[in-house]
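For reference, the structure discussed in these notes is given below.
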Amino acid sequence: MRTGYGNPAQYITELHVEEECLHLPYTREIIARCNLPVTVLPISRKTPQIPGQYPDNLTVGKHHLVLKKNRGIFFKPCPGTREYRCCDYQVLNIGMGCPMDCVYCILQAYLNNPWISFFVNIDDMFTELDQALSAPDQHFYRIGTGEFTDSLALDSITGMSRYLVEYMSRQSRAVLELKTKSNAIGNLEHLDHQGRTIVAWSLNSPTVMAAEEIRTATLDERLRAASQCADWGYRLAFHFDPIIYHEGWQEGYSKTIRTLFNRVPADRIAWISLGALRYLPSLKNIATERFPQSRFFYEEFVDGLDGKARYFRKQRVSMYRHIADELTTHIGQKTCVYFCMENDTVWKEVFGFCPQQRGGLGAMLDNTVNE
């Protein structure tokens, strides 16, 4: 059995801090907590010196965490595409990169530097959130921090979850989803979350988790953490994404689902998403160079309408039907099972309806957490 890397923050060995961020109380808090060697990056050189060229130096770069200022926007809609059904998710960008190293991770092709960045100008972040959540439009927001980083992988260093959970506990028009492949939930204990935070885990078949998800928590570690969060009163979510075709995939995904529901109370699960492997063409070259032992990129793919490689629709539907059928025998009545970035044809073939027939995918998910 694979030994887990439950708290991947232990992979960080060096901390770098932009000079202009040294005065921030949050920066000082992180430095005091982490007990790591600190290098100050002067204004004239805001990047650490990592030997080699990207992406060859990505593995080494993941040892390095940079505390910096976000000079862009913290809060914006998920970058979905019009060709596939999006869930109207809102992204809160707390950092870029991750100490874990999943073979299929899109960030390898999306980013262009090897180190991990974390944003410490959190007063600016909360100002953006205040402005959005106080707008008179009465829009309901489902907010996630796991788009460009793992929500909890660095939490033992940053302590960000406490700030976010406490902030969200005072909001009536939003919920926060913290999505992770770690078991770093220590900061979530004893928080008065008021049911406004959902803790989520990405899951896969045992074969994929063992071979393709490096420095992540094992299935047992993830589900123990999920069960603990349920005991603390949090609602949960799970994401089977990416679903990867491999030998024995049917039994693999069935085994994970059966283990999930043996360990976690079904009535605490708000939603479960399904998404088949899809990737930018540039990712294949990067990932196969870094992980030559992985073979799943050599299956048959077709170019999707969003420019990403996807399995042929027939194969996607076959995998989705198997997993959806297995889930149907276990899920609670209020749990929403949905597709991430799929078209209406696939929705109808697998579920027998498309989201617009039920008010749209966003409304389906909103109703789950607003009941």
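In the condition set (1) in a helix (DSSP H, G or I); (2) touching a residue at least 60 places away in the same chain (Cβ under 8 Å); (3) acidic (Asp, Glu), Glu251 is compliant with all but (2). Of all the criteria given as (1) of a type in the set (A, V, I, L, M, F, W, C); (2) touching a strand residue (DSSP E or B) at 6+ places or on another chain (Cβ under 9 Å); (3) without any contact (Cβ under 8 Å) to a residue 12 or more places away in the chain, the one not satisfied by Ala135 is (2). Residues that are buried (at least 18 other Cβ atoms within 10 Å of the Cβ) and at pLDDT below 95 are absent from the stretch 327-336 altogether. For Gly275, only one of the following conditions fails: (1) surrounded by 12 or more Cβ atoms within 10 Å (Cβ to Cβ); (2) not in a strand (DSSP E or B). What is its number? Evaluating Gly275 over (1) surrounded by 12 or more Cβ atoms within 10 Å (Cβ to Cβ); (2) not in a strand (DSSP E or B) leaves (2) as the failure.
Residue pairs whose Cβ atoms lie under 6 Å apart, separated by 6 or more positions or on different chains, with the first residue in the stretch 227-245 and in contact (Cβ under 8 Å) with a residue 12 or more places away in the chain and among the β-branched types (Val, Ile, Thr) and the second surrounded by fewer than 23 Cβ atoms within 10 Å (Cβ to Cβ) and in a loop (DSSP other than H, G, I, E, B), are Ile244/Leu277.
Against the condition of a type outside the set (Asp, Glu), within 18 Å of Ser156 (Cα to Cα) and in contact with a strand residue (DSSP E or B) (Cβ under 6 Å, 6 or more places away or on another chain), how does Ile116 come out, does it pass? Yes.
Screening Asp101 with (1) modelled with pLDDT under 95; (2) farther than 20 Å from Tyr141 by Cβ gives one miss only, at (1).
Residues in the stretch 43-56: is at least one within 30 Å of Leu223 (Cβ to Cβ) and among the small types (Gly, Ala, Ser)? There is no residue in the stretch 43-56 that is within 30 Å of Leu223 (Cβ to Cβ) and among the small types (Gly, Ala, Ser). In summary, helices (runs of 4 or more DSSP H) completely within the stretch 90-174 and bearing 3 or more residues that are crowded, with 18+ Cβ neighbours inside 10 Å occur at 122-133, 155-158, 160-168. Considering only the stretch 285-302, I want to know if a residue exists there that is more than 16 Å from Asn204 (Cα to Cα), part of a helix (DSSP H, G or I) and of a type in the set (D, E, K, R). Within the stretch 285-302 (the criterion being more than 16 Å from Asn204 (Cα to Cα), part of a helix (DSSP H, G or I) and of a type in the set (D, E, K, R)), the answer is yes, since at least one residue qualifies. Assigned to a helix (DSSP H, G or I) and of a type in the set (Val, Ile, Thr), is that true of Val199? Against the criterion (assigned to a helix (DSSP H, G or I) and of a type in the set (Val, Ile, Thr)), Val199 does not qualify. Report whether or not Phe312 is more than 30 Å from Asn367 (Cα to Cα) and buried (at least 18 other Cβ atoms within 10 Å of the Cβ). No; evaluated as a whole, the condition is false for this residue.
Every residue, every condition in (1) more than 30 Å from Val208 (Cβ to Cβ); (2) loosely packed, with under 12 Cβ neighbours inside 10 Å; (3) in contact (Cβ under 8 Å) with a residue 40 or more places away in the chain; (4) among the acidic types (Asp, Glu), yes or no:
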residue	(1), (2), (3), (4)
Glu18	yes, no, yes, yes
His23	yes, yes, no, no
Val38	yes, no, no, no
Arg45	yes, yes, no, no
Ile50	no, no, yes, no
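Do the conditions hold for Asn183, that is, is it outside any loop (DSSP other than H, G, I, E, B), in contact (Cβ under 8 Å) with a residue 12 or more places away in the chain, touching a Gly at 6+ places or on another chain (Cβ under 8 Å) and of a type in the set (S, T, N, Q)?
no
Looking at the structure I just gave you, is Ile143 of a type in the set (Val, Ile, Thr), within 12 Å of Phe75 (Cβ to Cβ) and touching a residue at least 60 places away in the same chain (Cβ under 8 Å)? The answer is yes for Ile143. Taking the stretch 23-47 as the range and being assigned to a loop (DSSP other than H, G, I, E, B), touching a strand residue (DSSP E or B) at 6+ places or on another chain (Cβ under 7 Å) and modelled with pLDDT of 95 or more as the test, the residues that pass are Leu36, Pro37. If you go through the stretch 68-91 and keep only what is among the basic types (Lys, Arg) and at pLDDT below 90, you end up with Lys76, Arg82, Arg85. Could you say whether any residue in the stretch 279-295 is surrounded by 15 or more Cβ atoms within 10 Å (Cβ to Cβ), closer than 19 Å to Cys102 by Cα, of a type in the set (A, V, I, L, M, F, W, C) and without any contact (Cβ under 8 Å) to a residue 60 or more places away in the chain? No; the residues of the stretch 279-295 include none that is surrounded by 15 or more Cβ atoms within 10 Å (Cβ to Cβ), closer than 19 Å to Cys102 by Cα, of a type in the set (A, V, I, L, M, F, W, C) and without any contact (Cβ under 8 Å) to a residue 60 or more places away in the chain.
Taking the listed residues Phe353, Phe291, Phe312, Phe339, the one that is of a type in the set (A, V, I, L, M, F, W, C), at pLDDT 95 or above and within 30 Å of Asp56 (Cβ to Cβ) is Phe291, with no other qualifying.
The values are calculated or read from the model by the stated rules, or taken from the named source; none is laboratory data. This one's a predicted model, so the numbers in the text were calculated from it and none came from an experiment. Backbone-built Cβ (ideal geometry, glycine too); neighbour counts: all protein chains shown.
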